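A short write-up of the structure that comes next.
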Amino acid sequence: MDKIIVRGGKALAGNVKVSGAKNAVLPIIAASILAEEGTCVISDVPALDDVRTICDLLKSMGISLTYDHEVLTVNASQLTSVEASYELVRKMRASFLVMGPLLARKGRARVALPGGCAIGTRPIDQHLKGFEAMGAKIEIGQGFIEASVEGRLKGAKIYLDIASVGATENIMMAAALAEGTTVIENAAEEPEIVDLANFLNRMGAKIRGAGTGSIRIEGVDKMTGCTHCVIPDRIEAGTFMVAAAITGGDVFVEGAICDHLKSVTAKLREMGVDVDEQENGIRVRRTGPLKAVDLKTLPYPGFPTDMQSQMMALLLVSEGTSIVTETVFENRFMHVEEFRRMNANIKIEGRSAIVEGGSKLTGSKVAATDLRAGAALVLAGLVSEGETEVSALHHIDRGYVNFTEKLQALGADVERYVPSTKSREAAVTETVKVSFSPNFA
Ligand SMILES: CC(=O)N[C@H]1[C@@H](OP(=O)(O)OP(=O)(O)OC[C@H]2O[C@@H](n3ccc(=O)[nH]c3=O)[C@H](O)[C@@H]2O)O[C@H](CO)[C@@H](O)[C@@H]1O
Ligand SMILES: C=C(OP(=O)(O)O)C(=O)O
């Protein structure tokens, strides 16, 4: 298994360019299924494992895709299957986002139940509630969900019990080709939803209100290909902002959109970090001590759950005691056990973790428990005494492109090691090259 080896003590400095957003590009690729003619040309597509997975899924449905230098071209005119296999869905829950587009385009979809994952049960009841409200029949059996509708889906007024990102996206995509108008109330407001709505509108959809709690979708008869550039990844950007803060460095996070990171910026400033919001990115510097703060994750524009573990690493080296409350997922503290192996003093009480600052973190062998926890462990290693070895890197590879290379370029003493017959250099070269074969052959 690959491992990331980190040696602490270096303050990071320099410029890091943010890649396209994982959580925007995955629904956008799913949405390309809706184009019955023409080609979708999507740029700033990060070479992530999750992107490969969803591309493999669309390919299995007869869709042709090519990927070159972060530009993905998708032609969905030859859609020959409406089934998403368990093998692919279990690798990535976001595969479930194909259900809405398939139902809209073909009146049928058969998708393996995504199951839960480390951070929680992650049910899909709100997705199904929306599809049923639009007239779909839902049947669950043999580990699959089948959705079908006679003729076209019908527009409906849907109130989400939870402001679910995925459910908002799946329902929005289904409603795009429905007969009549759909209104989603209590919709999630994440920037990735706005990016998806912009992509859908470029394909010919008529969507208003994305980014607010109420989204109105006027169904159209046909959607076609378009060109689109994916927004920068606010969570990758936030991760590098914390990397600068935790090491006492000075890093310009190029491409970060300040507006998408207001809650993270506010929290870092409360801790005494200098955050300079600029036109084309965010400069983060830290010279003095870090002040402990309390943190509660909430749906956007609240503090993002996907930044919780990275901020916990930072709080470990701040002065004072912090309370971190995770309100979005019911089991997103598995990184606590791993931090404890690095000499962290953290106590979990229900949905909250009490984090003692001023820890003298020590390097240790630790394992990523989800993609953000993996990144957070690397960040902790950057300020630990000695060497930290992070394993279970398949988690990190889902959400970060060339993570170690980007940290190395900022001066971190970090490398990715493949303990196999391949040499270390070859492994690093391979990691740096990470790209897909032009036609996914
Ligand atoms: C690919 C992608 O975009 N992933 C993001 C998306 O995940 P995802 O779309 O899965 O997250 P949701 O917003 O749906 O989940 C939020 C909460 O709602 C619950 N829930 C969700 C759907 C449902 O039908 N019923 C239900 O109870 C979930 O279990 C969870 O507790 O939003 C999360 C919350 O911002 C982020 O952490 C993920 O990075
Ligand atoms: C939880 C996350 O992603 P996913 O929903 O793909 O698991 C994440 O990006 O932190």
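What do you reckon, is ALA24 touching a residue at least 24 places away in the same chain (Cβ under 8 Å), out of contact with any strand residue (DSSP E or B) (no Cβ under 7 Å at 6 or more places or on another chain) and either part of a loop (DSSP other than H, G, I, E, B) or more than 24 Å from ARG372 (Cβ to Cβ) (or both)? Give the steps one after another, and end with the answer.
Working: touching a residue at least 24 places away in the same chain (Cβ under 8 Å): yes; out of contact with any strand residue (DSSP E or B) (no Cβ under 7 Å at 6 or more places or on another chain): yes; either part of a loop (DSSP other than H, G, I, E, B) or more than 24 Å from ARG372 (Cβ to Cβ) (or both): no.
The answer is no for ALA24.
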Checklist entry - Can ILE54 be described as crowded, with 18+ Cβ neighbours inside 10 Å and farther than 20 Å from GLY166 by Cβ? => result no
Checklist entry - Are any of the residues in the stretch 74-88 within 15 Å of ligand 1 (Cβ to nearest atom), closer than 20 Å to GLY219 by Cβ and either among the basic types (Lys, Arg) or buried (at least 20 other Cβ atoms within 10 Å of the Cβ) (or both)? => result no
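Going by the structure shown, is SER318 surrounded by 15 or more Cβ atoms within 10 Å (Cβ to Cβ), within 19 Å of the chain's Cα centre (by Cα) and farther than 22 Å from GLY211 by Cβ? Lay out the reasoning, then the answer.
Numbers: surrounded by 15 or more Cβ atoms within 10 Å (Cβ to Cβ): yes; within 19 Å of the chain's Cα centre (by Cα): no; farther than 22 Å from GLY211 by Cβ: yes.
In short, no.
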Checklist entry - Within the stretch 244-256, is there a residue that is surrounded by fewer than 22 Cβ atoms within 10 Å (Cβ to Cβ), aliphatic (A, V, I, L, M) and farther than 15 Å from ALA13 by Cα? => result no
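Could you list, in sequence order, the residues of the stretch 149-184 that are hydroxyl-bearing (Ser, Thr, Tyr), within 16 Å of ligand 2 (Cβ to nearest atom) and either modelled with pLDDT under 95 or not in a helix (DSSP H, G or I) (or both)? Show your work before the answer.
Filtering the stretch 149-184 for residues hydroxyl-bearing (Ser, Thr, Tyr) gives 159, 164, 168, 181-182.
Adding the requirement that they be within 16 Å of ligand 2 (Cβ to nearest atom) leaves 164, 168.
Scanning the stretch 149-184 gives a single hit, SER164.
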Next on the checklist: Cβ-Cβ distance below 7 Å, separation of 6 or more or different chains: which pairs start in the stretch 374-396 with a residue that is on the phi > 0 side of the Ramachandran plot and end on one that is buried (at least 23 other Cβ atoms within 10 Å of the Cβ)?
Outcome noted: ALA392/ALA368; ALA392/GLY374
Checklist entry - Can you name every residue in the stretch 118-143 that is touching a residue at least 12 places away in the same chain (Cβ under 8 Å), more than 16 Å from ligand 2 (Cβ to nearest atom), of a type in the set (Gly, Ala, Ser) and not in a loop (DSSP other than H, G, I, E, B)? => result GLY130, ALA133
Checklist entry - Residue check: is VAL89 in contact with a helix residue (DSSP H, G or I) (Cβ under 9 Å, 6 or more places away or on another chain), within 16 Å of ligand 2 (Cβ to nearest atom) and of a type in the set (A, V, I, L, M)? => result yes
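The values are calculated or read from the model by the stated rules, or taken from the named source; none is laboratory data. Keep in mind that this is a model prediction, so the values were computed, not measured. Neighbour counts run over all protein chains shown; Cβ positions are idealised from the backbone, glycine included.
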